[in-house]
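Enquirer: Quick one: the structure is below, questions incoming.
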Amino acid sequence: MRRFGGKEVLLGLWIGASLCSVATADELNIDAGSGIAWIVDQQHYLATGRVRIIRGALTTWSDRARAYYADDPETITRIELEGNVRVLQGNLEIEGDFANVLPESEDVVVTGDALRLQNNDIVITAKESLRYQGATRRVYAFGNVLFVQKTNKIAAENMEGILELNAEDGDLTLREAYFTENVRGDDGNSDPAQRLYIEGDRGLYQAVEQWVRVCGESRILRGDDVMLGECAHYDLTSKNFQFLRGATLASALPIVPELREESSMQSGAQPSLQTTQKRTRLLLRTKK
């Protein structure tokens, strides 16, 4: 038992525990370099000092973390991360400044000034937010999105990516990605006169067959040449391009304004911590 603010509370806190720990799919494991405080009246735990959180295959790192609960102090319903945030799920990695995490659904929204998502040889950056939904195996990017695979680039306002899980090693691979608003593809040719651009209202990247299709008053540009059509198709392997007559893209993309969540984590005065020179580990259950 520990006493905070005149109240005796059971912390479930181990001082000087080993960094090595085992977390099952139903457990949440928090390691904090400086310490973990139980803020009883605000119903959350505050961890500082390069915090690592593990829930199943999902791991996060941050400088500070708040783990919130509703009724049961051992049942975490929401986590806020702040400072040098890094989220890792298999070979999917997301970086930013802040994040909101719902442990039960493995739903992570990352915001900040230097947003970056990497999956194998694909790198995605955005200005507004990045989101990973573990339950649906989807990734989302909002605001001046740039998708880069080797020399090929696709710029757009929004992106939704569909991931495929490898059951053997747990890795995730981006299978296809949809783009909306001001879509512009670039083949990255080092010769500006030969560089190919395709533009349109919406686009689709197909990873297995390695092609990009841009539709909606689309244009293909190379040097001074401009070609107009409904759907421009570019093969990333052969470097061939063409207009497809009668081709369309699915318009009912689940990219909706409600997905543009932002972290509620704010900087400012924080409760003082009872710290220790040794590392602190807190093991909690997530809500089933």
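Every number here is computed from the coordinates shown, using simple stated rules; none is lab data. This structure is a prediction, so every number in the text was calculated from the model and none was measured. Virtual Cβ from ideal backbone geometry, glycine too; neighbours counted across all protein chains shown.
Enquirer: Hey, can you rank 169-175, 142-148 by average C-beta count inside 10 Å, highest first? Don't skip to the answer; put the middle values down first.
Expert: Values: 169-175: 15.7, 142-148: 19.9.
Output ranking for 169-175, 142-148: 142-148, 169-175.
Enquirer: I would also like to ask the following. By per-residue mean of other Cβ atoms within 10 Å, what is the highest-first order of 79-86, 63-70, 238-245? Show your work: numbers first, answer last.
Expert: Values: 79-86: 21.8, 63-70: 19.4, 238-245: 12.0.
Order by mean packing, descending: 79-86, 63-70, 238-245.
Enquirer: Calculate the dipole size of region 98-139 relative to its Cα centre from +1 charges on Lys and Arg beta carbons and -1 charges on Asp and Glu beta carbons; express the result in debye to the nearest 20. Before the final figure, lay out the partial values.
Expert: Details: 5 positive and 6 negative charges, 25 e Å.
Around 120 debye, computed over region 98-139.
Enquirer: Between Thr75 and Gln194, what FRET efficiency follows from the Cβ-Cβ distance if R0 is 45 Å, with the result rounded to 0.05?
Expert: Details: r = 59 Å, r/R0 = 1.31.
The pair Thr75/Gln194 has a calculated efficiency of 0.15.
Enquirer: Now for a separate question. If you average the alpha carbon positions of region 37-114 and of region 165-243, how far apart do those two centres end up, in angstrom?
Expert: 35
Enquirer: Between Glu217 and Leu165, what length in nm is gained on full extension when 0.36 nm per residue of separation is reduced by their alpha carbon distance?
Expert: 15.3 nm
Enquirer: Is there a quick way to get the dipole size of region 180-219? I mean about its Cα centre, with the Cβ of Lys and Arg at +1 and of Asp and Glu at -1; what is the value in debye to the nearest 20?
Expert: Magnitude of the dipole: close to 40 debye.
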